[in-house]
Amino acid sequence: MNYKYHFFNDYSEGAHPEVLKILGDTNLEQEIGYGDDTLTTKAKELIKKAIGNSEADVHLVSAGTQANFIVLATILKPYESVIAPSTGHINIHEAGAVEATGHKINSVETTNSKIAPGQIQKVLDSHHDEHLVKPRAVCIAQPTELGTVYSKKELEDISKFCRERSLYLFIDGARLGISLTSSANDLSLKDIASLSDAFYIGGTKNGALLGEAIVLINENFKENFRHMIKQQGALLAKGRVLGAQFVGLFKDDLYFKLATHANEMATKLSSGIKELGFSFLADSPTNQLFPILSNSLIAKLKKMYGFYIWTKVDPEHSAIRLVTSWATTEKAINDFLDDLGQLSKE
């Protein structure tokens, strides 16, 4: 369908021009393969500097699902499981990738996609002997699937709880830049690194053609991690393609500038929708918005704009998902708000 604009996701466009420029400028330079090239080395140095940890291991892979299941498959023993919100990406959007590696996901029901220590404890209490899987890791997303973000206090509480109970904390950072530049954020990238055992920095959804940067903090995860990446088909011969992009993203703070733009466009869109009298499924301060509209209005909007219907709210209303990106223009926001306002009067 030929939409005026679509808000399906934040990876519809190719890549930011600065990222493409580096790829173009270095295109004919010969490099060693499998991530041992100078571009990847530079990217790793930039990321280590940004997180304030020179001892961390950084590995570049092509996709978020790869990052999630490779990390969890590496850190968990065959009988161990991972605790995650029921709405978590690893639980509902990855075709069972984590469970295909032999590890059960202990899902926790939530109202805002965030889990708290008390909910984690309930899972631990119900898995008390060798007849059941042994929960060993907690996987959260920052921001969550509903666009909500963990505060520094919330993340500190989860981190402390996990360390006291010998649980690993792994953070899905597919949209990490979005959370770190949101109006609700009080965390830094250095905080993320210090409070987790492993996390990844998403490039695919923030200006890169593709790519995620896995960051391993816990020393127990580092040995032989490249063997797992290779075995799972994620060790690219042309690793330079990933390295060049992360050089571009972490040079001159482009990564955070792009995320800031996406959030600014989302704030403008959210404010306009509220002014038109509509409510939201969740109070999201990030680039994922979930306005609640009548089904009849949604049908009209879908003829003009692309978006997903997220969930039914009642027989007459549903929540849709609108996602802004580093490339979203103010014109696209203004046009959508104008059309929403006009259609809602019909």
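The values are calculated or read from the model by the stated rules, or taken from the named source; none is laboratory data. In this text the structure is predicted, and so the values were computed from the model without any measurement. Because the Cβ atoms are built from the backbone with ideal geometry, glycine has one as well, and the counts that use them run over all protein chains shown. What goes into the accessible areas is simple: the full protein's heavy atoms, side chains included, and nothing from ligands, DNA or RNA. Shrake-Rupley method; radii C 1.70, N 1.55, O 1.52, S 1.80 Å.
For this structure, a couple of remarks:
- Checking each residue of segment 188-197 against the condition of being more than 12 Å from the chain's Cα centre (by Cα), touching a residue at least 12 places away in the same chain (Cβ under 8 Å) and closer than 19 Å to ASN106 by Cβ gives at least one match.
- Residue selection: ALA73 satisfies the criterion of being in a helix (DSSP H, G or I) and under 16 Å from ASP172 (Cα atoms).
- Members of segment 186-197 found to be of a type in the set (Ser, Thr, Tyr), open to solvent by 30 Å² or more (accessible area, probe 1.4 Å) and not in a helix (DSSP H, G or I), listed by number: SER188
- Residue in segment 167-185 that is part of a helix (DSSP H, G or I) and surrounded by fewer than 20 Cβ atoms within 10 Å (Cβ to Cβ) present: no
- Evaluated against (1) open to solvent by 10 Å² or more (accessible area, probe 1.4 Å); (2) touching a Gly at 6+ places or on another chain (Cβ under 6 Å), SER296 falls short on exactly one condition, (2).
- LYS48 vs. criteria open to solvent by 30 Å² or more (accessible area, probe 1.4 Å), without any contact (Cβ under 8 Å) to a residue 12 or more places away in the chain and of a type in the set (Lys, Arg): yes
- Yes/no for GLU164 being surrounded by fewer than 17 Cβ atoms within 10 Å (Cβ to Cβ) and among the acidic types (Asp, Glu): yes
- Residue in segment 198-212 that is out of contact with any Lys or Arg (no Cβ under 6 Å at 6 or more places or on another chain), surrounded by fewer than 20 Cβ atoms within 10 Å (Cβ to Cβ) and modelled with pLDDT of 95 or more present: yes
- Residue-level check: of (1) of a type outside the set (Gly, Ala, Ser); (2) open to solvent by 20 Å² or more (accessible area, probe 1.4 Å); (3) touching a residue at least 24 places away in the same chain (Cβ under 8 Å), VAL138 misses just (2).
- For segment 312-322, a tally of residues being within 30 Å of ASP186 (Cα to Cα) and either open to solvent by 30 Å² or more (accessible area, probe 1.4 Å) or touching a helix residue (DSSP H, G or I) at 6+ places or on another chain (Cβ under 8 Å) (or both) returns 2.
- Taking segment 93-121 as the range and being charged (D, E, K, R), open to solvent by 60 Å² or more (accessible area, probe 1.4 Å) and either assigned to a loop (DSSP other than H, G, I, E, B) or at positive phi (or both) as the test, the residues that pass are LYS104, GLU109.
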